[in-house]
Amino acid sequence: MKLKRNDRVQTLREEGRRLLLIVIASVIMAVNIKSFVEAGGLFPGGFNGLTLLIQRSFSQFFHISLPFSLVNFLLNAIPAAISFKLIGKRFTIYSCLMIVLTSVLTDIIPTAAVTDDVLLICVFGGIINGFAIGLCLRGRATSGGTDFIAVALSQRLNIDAWNYILLGNAGMLVVAGLLFGWDKALYSIIFQFASTQVVHVMNARYRRATLFIVSDESEEIYRRIRESTHHGATLFHGTGLYNGQPRAMIYTVISSDQVKEVTRKVREIDEKAFVNVIKTDQIAGKFYQPPND
C-alpha cells in the first residue's frame, strides 16, 4: 500500500515538473517573439515562423489583421493529430498546452524592442528561442509544428533530427525572402542556426555515450544499469597490467542524458571503479529508447 502511495506521489511530482517546464517555456517563447522576433522583423522558423509569415502577408498585401493564436492553432491541428497517434497521448496534450499558452501570450504581450541591432536580435533571440524549446523538450513536449516532426523522426529512426528541421525551415525562409526582402530572411537563418544549436546542446536524449567500467562489483553495477536505463551490457574479463590482478570490465551504450545518473550509481557501489565515457556518433542494432509519453 505504501509503495502504491509513493508511486502516486512520484507520478504527481513528475507531472507537476512537466507542467512547470511547459509554462515557463511558453512564457519565454512568447516574450522572445514580442521582444526580439517581431521587433527585428524576423521569421523564427517552424510553425511559429510560418504563422508570422502568414500574418505579415495578410497585413501587407490584403490589409487584414489575423490573430497569432488562430493561425497557429489551425496550422498545428494536423501535426498534433499525427503526434497523438505516433508519439503518445500525454505528449500531445502537453504539447497542445504549450501551443495554446504561447499563442495566447503572444497575442496579449505588447511588442517591446530590447535593441535595434538586428545581428544581436538574431543571435540572442535565437539562443532564447532554443532555450525555450529545450525546456519544453525536457518536459517531454514540443512547441508544435516542425517540432512534432523532429521528435517523431528521432523516436522512429533513433536519430537527432533537429539539424534536418533546420534545412526544412530554409524553404520557408526563401518564401519570406521573396516577399519581404532577403536581408530579413538571411538574418532569420542566423536566428534559426543559433536556436538549433542550443536545442542540440540541451536535448541529449538522442545522443549516445559508450561506457567502459572497470570494477570488482560488475554484477551489481550491471543490475543497477539495467534497472535505471533498461540497457544491456557486455562483461569482459581480463588482467590488470599494473598489478597483474584479474579485472572485470562492463561495456554498455546509453543515452547521453543518463551518463551522470549511471556514473553516480557506479560510485555508490564501488568508489574505486574506473569509468571511461566516450561519445558515440552512430550505432546499428537494437537500442532501447524510453517513450516520450
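Give the residue that is nearest to VAL123 (Cα to Cα), with candidates limited to residues of segment 48-91 that are in contact with an Asp or Glu (Cβ under 8 Å, 6 or more places away or on another chain) and outside any loop (DSSP other than H, G, I, E, B). Walk me through it before giving the result.
So in segment 48-91, the residues in contact with an Asp or Glu (Cβ under 8 Å, 6 or more places away or on another chain) come out as 52, 67-69, 87-91.
If we keep only those that are outside any loop (DSSP other than H, G, I, E, B) as well, we get 52, 68-69, 89-91.
Details: LEU52: 19, PHE68: 24, SER69: 26, LYS89: 35, ARG90: 33, PHE91: 30 Å.
Filtering segment 48-91 for residues that are in contact with an Asp or Glu (Cβ under 8 Å, 6 or more places away or on another chain) and outside any loop (DSSP other than H, G, I, E, B), the one nearest to VAL123 (Cα to Cα) comes out as LEU52.
For segment 247-293, a residue qualifies if it is assigned to a loop (DSSP other than H, G, I, E, B) and hydroxyl-bearing (Ser, Thr, Tyr), and exactly one does: TYR288. Among the residues examined, VAL71 does not qualify as touching a helix residue (DSSP H, G or I) at 6+ places or on another chain (Cβ under 9 Å), assigned by TED's automatic domain parsing to the domain that holds LEU179, at pLDDT 90 or above and closer than 23 Å to GLU15 by Cβ. For segment 146-192, the set of residues classified as within 19 Å of PHE36 (Cβ to Cβ) and either modelled with pLDDT under 75 or in a loop (DSSP other than H, G, I, E, B) (or both) consists of LEU166, GLY181, listed by residue number.
Are any residues in segment 85-98 over 14 Å from ILE149 (Cβ atoms) and not basic (Lys, Arg), and if so, which ones?
Start the filter on segment 85-98 by keeping residues that are over 14 Å from ILE149 (Cβ atoms), which leaves 88-90, 93-94, 96-98.
Across segment 85-98, the qualifying residues are GLY88, ILE93, TYR94, CYS96, LEU97, MET98.
PHE191 meets the conditions (1) within 28 Å of THR263 (Cα to Cα); (2) crowded, with 21+ Cβ neighbours inside 10 Å in every case but one. The failed one is (1).
Within segment 93-145, the set of residues being touching an Asp or Glu at 6+ places or on another chain (Cβ under 9 Å), in a loop (DSSP other than H, G, I, E, B) and over 15 Å from ILE24 (Cβ atoms) comprises THR111, ALA113. Does segment 247-272 hold any residues that are touching a strand residue (DSSP E or B) at 6+ places or on another chain (Cβ under 7 Å) and within 30 Å of ARG138 (Cα to Cα), and which are they? Correct list: ILE250, TYR251, THR252, VAL253, ILE254, SER255, SER256, VAL259, VAL262, THR263, VAL266.
Of everything listed in (1) over 23 Å from LEU53 (Cα atoms); (2) touching a Leu at 6+ places or on another chain (Cβ under 9 Å); (3) among the β-branched types (Val, Ile, Thr), the single unmet condition for ILE87 is (2).
Take the residues in segment 236-288 that are polar (S, T, N, Q) and closer than 22 Å to MET202 by Cβ, then tell me which one is surrounded by the fewest Cβ atoms within 10 Å (Cβ to Cβ).
Filtering first and then ranking leaves GLN282.
Every residue in segment 226-235 that is more than 24 Å from the chain's Cα centre (by Cα) and buried (at least 16 other Cβ atoms within 10 Å of the Cβ), please. Steps first, please.
Within segment 226-235, the subset more than 24 Å from the chain's Cα centre (by Cα) is 226-227, 232-235.
ALA233, the sole residue that qualifies.
In this structure, does GLY244 turn out to be assigned to a strand (DSSP E or B) and either in contact with a strand residue (DSSP E or B) (Cβ under 9 Å, 6 or more places away or on another chain) or at pLDDT below 90 (or both)? Reasoning before the result, please.
Numbers: assigned to a strand (DSSP E or B): no; either in contact with a strand residue (DSSP E or B) (Cβ under 9 Å, 6 or more places away or on another chain) or at pLDDT below 90 (or both): yes.
No: the conditions fail for GLY244.
Being acidic (Asp, Glu), out of contact with any Lys or Arg (no Cβ under 7 Å at 6 or more places or on another chain) and surrounded by fewer than 17 Cβ atoms within 10 Å (Cβ to Cβ) is a property that does not hold for ASP147.
The values are calculated or read from the model by the stated rules, or taken from the named source; none is laboratory data. Owing to the predicted nature of the structure, the values given are computational and were not obtained by experimental measurement. Reconstructed Cβ throughout: ideal geometry from the backbone, glycine too, with neighbour counts over all protein chains shown.
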